[in-house]
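Data block below; observations after.
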Amino acid sequence: MKLFLTGATGFIGRRLCRRLASTSHTLRCLVRDLEKARALLPGVELVRGDVTDPASVRQGLVGCEAVIHLANIYSFWERDPSRYQAVNVEGTRHVLEAALEAGVYRMVHVSSAVIFGKPAQVPFTEESPPGPERFSEYARSKYAGDQLARALRDQGLPLVVLYPCGVLGAGDPKGSGQYLADLVRGRMPATVLPDAILTWVHVADVAEAIALTVDKPGIEGKEYIVGREQFSFRQFNQLVRELSGVALPRLNLPDVTVMPIARLLTGLAHLTGNPPWWGLAVDQVRTVQAGFRAEGHRAERELGLVYTPIREAIAEAIAELKKPKPPSRR
């Protein structure tokens, strides 16, 4: 089967391409920068395009039997916030409508567990009503994209939706990956929100879940949370210290001080055009403060997904960070 993939050069997308290379499927990836993508994805069929350009999506999808939509703006601060709407909402609309028009066998839409906000049910499942609030512009835009997906599902789109939790692994430059790198490299002046609890998942398990949904018959209309282990940032920090051997910051900011600092740093970011230091954007702090405790057992039962211990994801990320950098070319 020929698969059409958006978001192939991202953290999850690169791992997914490697996973799909071991199958009988062929892969075509929609990319904005062909030269960069060739370096990251050798041997993969690439077509130039952008999810914000519906004509390029329709043209790239010709001849493909299934679609995997990963492309999105994943961040908690953007210099131009309109990008969330353009990519996560309208870009998603373009991909979904093109898939429906093409009559594909399967449409896999990769969302995020943060769209649930803070549900009343703890831990929450795929059946839990989302909480009344989403805590970031990223989450709000992903939620709006999901609403579009459900509307087109009702029109006959053979849709499967995945909700990855906090994704960890080697090579993640954003979110929890940035936080881990800052800890290992001694760039964090203090730890924050140690009692906040998130649900975590190895990036390889997200790639595996996507691959399984492509092949699994009879799951049209299904939704799957992908993630299982729940632990606090205090436990996360302890694992990083144990596996890396580095000393953690001695200072822990009191919880009541974190949001005022985030507001200050976010305000400075708007002035300078650079992301907030240490990832302390207001949206990221609000997301972590709220936490999310999700239960991803349906993916185990119905897809046959076997979760990898998160300890292994953290160890892989630390090993990657400790690799010596190749000498720069002059």
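Coordinate-derived values only; no laboratory data. These numbers come from a predicted model, not from an experiment. Here the Cβ is made from the backbone with ideal geometry for all residues, glycine too, and neighbour counts use every protein chain on show.
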*Let a ≥ b ≥ c be the square roots of the eigenvalues of the Cα gyration tensor of the range 11-108; is it rounded (a/c under 1.5), or, if not, prolate (a/b larger than b/c) or oblate?*
oblate
*Step through the residues of the range 165-180 one at a time and calculate ³J(HN,Hα) from phi using the Karplus curve (6.51 cos²θ - 1.76 cosθ + 1.60, θ = phi - 60°), rounding each to whole Hz and writing x for Gly and Pro.*
8, x, 8, 10, x, 5, x, 8, x, 10, x, 5, x, 5, 4, 4
*asked:* Could you tell me which residue out of 176, 214, 132 lies farthest along the dipole of the chain toward its positive end? Charges go on the beta carbon: Lys and Arg +1, Asp and Glu -1, centred on the Cα centre.
replied: 176
*HN-Hα J couplings of the range 275-290 from phi, Karplus 6.51/-1.76/1.60, θ = phi - 60°, integer Hz, Gly and Pro as x?*
x, x, 4, 6, x, 8, 7, 4, 5, 5, 5, 4, 5, 5, 4, 5
_About the Cα centre, and with charges only on the beta carbon of Lys, Arg (+1) and Asp, Glu (-1), how big is the dipole of the chain? Nearest 20 debye, please._
1060 debye
*Computed magnitude of the charge dipole of the range 45-127 (debye, nearest 20; Cβ of K, R +1, Cβ of D, E -1)*: 160 debye
*Only Lys, Arg, Asp and Glu count, each charged at its Cβ (+1, +1, -1, -1), so figure out the dipole size of the range 41-195 about its Cα centre, rounded to 20 debye.*
240 debye
*Report, to the nearest 10°, how far helix 203-215 tilts away from the longest principal axis of the Cα atoms in the chain, using its own Cα long axis and a range of 0 to 90°.*
20 degrees
*Could you run the Karplus curve 6.51 cos²θ - 1.76 cosθ + 1.60 with θ = phi - 60° over the range 144-150 and give me ³J(HN,Hα) per residue in whole Hz, x for Gly and Pro?*
4, x, 5, 4, 4, 4, 5
*asked:* Could you tell me how far the Cα centroid of the range 53-132 sits from the Cα centroid of the range 164-232, in Å?
replied: 17 Å
_Amide hydrogen neighbours beyond the local backbone of residue 226, cut-off 5 Å, H modeled_ = 163, 165
*Please list, in chain and number order, the residues 5+ apart from residue 191 or on another chain whose amide H is under 5 Å from its amide H, with Hs placed from the backbone.*
251, 252, 253
_Those GluC sites (Glu not before Pro) in the range 210-247 that DSSP places in a loop and that have at most 15 other beta carbons within 10 Å_ = 220
*Just name one of 204, 230, 248: the one whose Cα is farthest towards the positive end of the charge dipole of the range 196-249 (beta-carbon charges, Lys/Arg +1, Asp/Glu -1).*
248
*asked:* Less than 24 Å apart at the alpha-carbon level, and either on another chain or at least 8 residues along: which lysines does that give for residue 142?
replied: 118, 174, 222
